[in-house]
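Chemist: The structure's right below; bear with me while I get my questions together.
The values are calculated or read from the model by the stated rules, or taken from the named source; none is laboratory data. None of these values were measured; they are calculated from a predicted model. When we count neighbours, we look across all protein chains shown, and the Cβ atoms used for this are built from the backbone with ideal geometry, even at glycine. Just so you know, the surface numbers come from the protein's heavy atoms only, side chains and all, with ligands and any DNA or RNA stripped out. Shrake-Rupley method; radii C 1.70, N 1.55, O 1.52, S 1.80 Å.
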Amino acid sequence: MGFLAATGRAFLIFLEATGKLAMFTGAALSHCVRPPFYPRQILRQMIDIGYYSLPVVGLTALFTGMVLALQSYSGFSRFQAEGAIATVVALSVTRELGPVLGGLMVAGRIGAAMAAEIGTMRVTEQIDALSTLSTNPFKYLVAPRLIAGLAMLPLLVLVADIIGVFGGFLVGVYRLDFNPASYIGRTWEFLEPVDVISGLVKAAVFGFMVSLMGCYHGYHSRGGAQGVGAATTNAVVSASILILVWNYLITGIFFSTK
């Protein structure tokens with residue numbers, strides 16, 4: 001009976017958390033499409049998410065493309081299939097590695113920052129002060145972050161795709177002695193628009209999830225500095241898990257029939 005009671009208690013806690021998240025998501029989405037809007041806050045979040053995340057996402061994509069080219073060469077050379085390296089690098093980066101690694105990097109940087117900032121405002125009663133001043137916290141704090149995350153992560157991933165493919169090109173041409181024109185031709189030969197579009201759709205979903213988890217855990221943080229730290233950890237972990245789950249779901253939608 002003790003085991004059943006513990007299982008039931010955990011299940012009820014899970015349902016309660018799911019319901020709170022669903023209500024929070026619905027309220028946040030409604031405030032994203034209804035005025036008033038705060039353009040200055042939206043622009044500030046776009047710069048923070050997009051511009052300041054570009055170095056870490058770009059470096060991640062560059063070295064991922066370079067390592068992928070090296071690893072592909074060491075494997076494909078066993079089957080005399082070295083000519084497929086350019087295609088494998090392009091498809092892998094645009095379909096999977098660009099969106100997923102970009103989303104995880106942004107989750108570690110932006111998700112934690114959002115949870116810490118909003119969590120600090122919660123425990124120091126600044127959010128209550130906004131409500132007292134007739135400013136809706138969802139419109140001022142949550143909606144700009146969701147809009148910025150939804151808009152900027154696809155742009156980040158598009159840049160990451162270009163940098164990742166360029167990293168593979170550098171290794172292929174200057175380390176593995178491929179012909180530059182041949183490498184570029186093989187890259188474009190099998191790359192289809194759906195490969196890039198699927199990655200950008202993933203990036204939009206990942207950006208929304210990262211912003212949502214950062215705002216949700218920060219908004220519901222309790223217990224002073226310790227609560228803010230827990231909210232920050234929970235935001236990064238939950239955003240990372242959701243990125244991996246939604247990556248599988250979106251991949252199934254785009255490529256299940258192929």
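Chemist: Exactly one condition in (1) polar (S, T, N, Q); (2) within 16 Å of I118 (Cβ to Cβ); (3) open to solvent by less than 30 Å² (accessible area, probe 1.4 Å); (4) part of a helix (DSSP H, G or I) is false for N234; which is it?
Modeler: (3)
Chemist: Now, a different point. Please count how many residues of region 64-115 are among the small types (G, A, S) and open to solvent by 30 Å² or more (accessible area, probe 1.4 Å).
Modeler: Restricting attention to region 64-115, the residues satisfying the condition of being among the small types (G, A, S) are 65, 69, 72, 74-75, 77, 81, 83-84, 86, 90, 92, 98, 102-103, 107-108, 111-113, 115.
Subsequent filtering for residues that are open to solvent by 30 Å² or more (accessible area, probe 1.4 Å) retains 74, 77, 81, 83-84, 92, 108, 113.
Adding up the residues that qualify gives 8.
Chemist: Checking the condition assigned to a helix (DSSP H, G or I) and without any contact (Cβ under 8 Å) to a residue 12 or more places away in the chain, which residue from L21, L59 passes?
Modeler: On the way: L21 fails: without any contact (Cβ under 8 Å) to a residue 12 or more places away in the chain.
Selected residue: L59, the only one of L21, L59 that is assigned to a helix (DSSP H, G or I) and without any contact (Cβ under 8 Å) to a residue 12 or more places away in the chain.
Chemist: When region 131-157 is examined, which residues are found to be more than 20 Å from G26 (Cβ to Cβ), open to solvent by 30 Å² or more (accessible area, probe 1.4 Å) and part of a helix (DSSP H, G or I)?
Modeler: Of everything in region 131-157, those that are more than 20 Å from G26 (Cβ to Cβ), open to solvent by 30 Å² or more (accessible area, probe 1.4 Å) and part of a helix (DSSP H, G or I) turn out to be T132, A151, M152, L155.
Chemist: Moving to a separate point now. Those residues that are open to solvent by 10 Å² or more (accessible area, probe 1.4 Å) and assigned to a helix (DSSP H, G or I), I need them from region 207-226; list them, please.
Modeler: Across region 207-226, the qualifying residues are F208, M209, Y216, H217, Y219, G224, A225, Q226.
Chemist: A follow-up question, please. For A181, work out the one condition from (1) touching a helix residue (DSSP H, G or I) at 6+ places or on another chain (Cβ under 9 Å); (2) of a type outside the set (K, R); (3) loosely packed, with under 15 Cβ neighbours inside 10 Å it doesn't fulfil.
Modeler: Single failed check for A181: (1).
Chemist: Let me ask something else about it. If you check R44, R9, which single one turns out to be without any contact (Cβ under 8 Å) to a residue 12 or more places away in the chain and either touching a helix residue (DSSP H, G or I) at 6+ places or on another chain (Cβ under 8 Å) or not aromatic (F, W, Y) (or both)?
Modeler: R9
Chemist: Where residues in region 184-194 are surrounded by 10 or more Cβ atoms within 10 Å (Cβ to Cβ), outside any loop (DSSP other than H, G, I, E, B) and at pLDDT 85 or above, which of them is nearest to the chain's Cα centre (by Cα)?
Modeler: As a first pass, look at region 184-194 and keep what is surrounded by 10 or more Cβ atoms within 10 Å (Cβ to Cβ): 184-192, 194.
Now narrow it down to the ones that are outside any loop (DSSP other than H, G, I, E, B): 184-190, 194.
Applying the additional criterion that residues be at pLDDT 85 or above yields 184-188, 194.
Numbers: I184: 28, G185: 30, R186: 29, T187: 25, W188: 26, V194: 19 Å.
The residue in question is V194.
Chemist: Return the only residue of L249, L212, L242, L200 being touching a Ser or Thr at 6+ places or on another chain (Cβ under 7 Å) and not acidic (D, E). Quick ask: steps written out before the conclusion?
Modeler: Numbers: L249 fails: touching a Ser or Thr at 6+ places or on another chain (Cβ under 7 Å); L242 fails: touching a Ser or Thr at 6+ places or on another chain (Cβ under 7 Å); L200 fails: touching a Ser or Thr at 6+ places or on another chain (Cβ under 7 Å).
Only one candidate passes the filter, namely L212.
Chemist: Follow-up question, since we're still on this one. Can you find a residue in region 74-94 that is in contact (Cβ under 8 Å) with a residue 40 or more places away in the chain and under 16 Å from the mean Cα position of the chain (by Cα)?
Modeler: The answer is yes; a qualifying residue exists.
Chemist: Right, something else. Kindly indicate which of A203, A181, A160 is without any contact (Cβ under 8 Å) to a residue 40 or more places away in the chain and in a helix (DSSP H, G or I). Steps first, please.
Modeler: Values: A203 fails: without any contact (Cβ under 8 Å) to a residue 40 or more places away in the chain; A160 fails: without any contact (Cβ under 8 Å) to a residue 40 or more places away in the chain.
Exactly one of A203, A181, A160 is without any contact (Cβ under 8 Å) to a residue 40 or more places away in the chain and in a helix (DSSP H, G or I), namely A181.
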